[in-house]
Each structure stands twice: as structure tokens, then as C-alpha cells.
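Heads up: the structure comes next, in C-alpha cells.
Computed from the coordinates by the stated procedures, all read-outs in this text should not be read as laboratory data. Please read all numbers here as calculations on a predicted model, not as lab measurements. Because the Cβ atoms are built from the backbone with ideal geometry, glycine has one as well, and the counts that use them run over all protein chains shown.
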């Protein structure tokens, strides 16, 4: 079955450490996205990639980094520079239209 | 500055009645709108969309209405069922009928349908 997988589902990190969230899709989608959700807020765009080896900053990219070495994979690194990393992170991929978008189940990151 | 606003965080309705979820937007460049539904512990899934060239789009029990002059859209669910209980996100896209790079999401609204 085609789909998009995020791992892990829950992640705990000590303050000052970098952590990488995984996102893999087998839908043959070119475009992939990372969103962050905080309580009472909508989904805010962190980074997106329209094609392999290329990615763009979203609205809240500071403190995050990404790579897109393979079409299937779009990992997100939350660096120690991110001031408030505790949040729910969603990865998405889409075909040409957003009506064809698939979202992962999300990763809940907690900084302890 | 929220460009897509879902001002009511929650709504509770009785099974069989109508659910109306509202969404307002501020950016006049938006011309394609989508609703996503999210169950706990799952990612959002696409529900229904509407282009700015239309004022209504219907899919089974779900109808989305668009009022461009008021920059307002609403999602109607009739009749509501307990399985509709979820968080609903309104989202907007500029240009190209949903094929644009970015999508702007509202905060979401939690719908509870009581049996």
C-alpha cells in the first residue's frame, strides 16, 4: 500500500541536543512538506521540497534543517538553535494538487 | 497574522442534525480552498475542496459554500454522524487551483457529534 510514514511517533530530547525526525513516502510524490502544530495554532510550514536536492524555507524555518537526497525521504532536523522545539510535527507529500496530499501520523517531540 | 481563521475552536451537535463549520480568510489572492479532517493519532485527510469560480461544491453529506465578497467559507455536514467527530482544518491556496507550492491552514475546529 502506498503511504507516508513518520517515525518515531513520540520523541524526547534533552535541551541542547539535535534530533532528526524521519519522513518516508512511497507515493512517488515530488513535493514534500514539514509542518509544526502547537496548541491553539494551525499548521505552520517549516520547510518544503518540490524536487530532489532542492528545498525551500517555510514560514518558521529558523532552528530547523532538512535534506532531500532521495525522492522518498525528507528528514527534518530540529537543532539546538530552535528555541521552542516541543510541538507536534507533521510531514506531508502531494501529487500535483493538494487534493492528492497525504499526511503522516505525526511525531510529538518533547524537550526535557 | 492569521490569513485563514477558524474562530470557533469546537462545536458539538446531535447525531442527525446539521454541523456548520466556518472559516474566514484575509488574503484576496487565495482562490482554492480545502477542508481536511483529522482523527486523533492520524494525519489529516482531504475531505472536500472548492475553487473560487464556484460558490458551492457538494459531495454526499458534505457541502462547502464560498462567499468571495465576504471572504468566508463554510462546511455543512448533513446529517451529522458520530464518525464525523474529528478536528477539521480549513486551508487555502493561492493561484493555480490547488497546485501551488504552499497551503495555508487554519487552527482547526473540533467537531463532536453526540449519539
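Residue by residue through A:36-46, how many Cβ atoms from other chains fall within 10 Å of the Cβ on average?
On the way: counts 0, 6, 1, 1, 3, 5, 13, 11, 2, 5, 0.
Other-chain Cβ atoms within 10 Å of each residue's Cβ, averaged: 4.
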Based on Cα positions only, what radius of gyration and what Dmax would you give for segment A:37-98, in angstroms?
12.1, 35
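If you count, for every residue in A:100-110, the Cβ atoms of partner chains within 10 Å of its Cβ, what is the mean? List each step's numbers first, then the result.
Numbers: counts 3, 9, 4, 7, 3, 3, 5, 0, 1, 0, 0.
Mean partner-chain Cβ count within 10 Å for A:100-110: 3.
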Protection proxy ranking of B:73-84, B:50-61 - average other beta-carbon atoms within 10 Å, highest first:
B:73-84, B:50-61
Tell me, what is the percent relative contact order of segment A:52-112, built from C-alpha pairs under 8 Å that lie six or more residues apart?
24 percent
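Can you give the convex hull volume of the alpha carbon atoms of segment B:1-106 per residue, in Å³?
Numbers: hull volume 11.3 nm³, N = 106.
Taking only Cα atoms, segment B:1-106 has a hull volume of 106 Å³ per residue.
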Averaging the inverse of every distinct alpha carbon separation and then flipping it gives the Kirkwood radius. What is it for chain A, in angstrom units?
13.9 Å
I need two numbers for the protein assembly as shown: Rg to one decimal and Dmax as a whole number, Cα atoms only, in Å.
17.5, 51
Relative contact order as a percentage, segment A:1-70, C-alpha pairs under 8 Å and 6+ apart, gives 21 percent
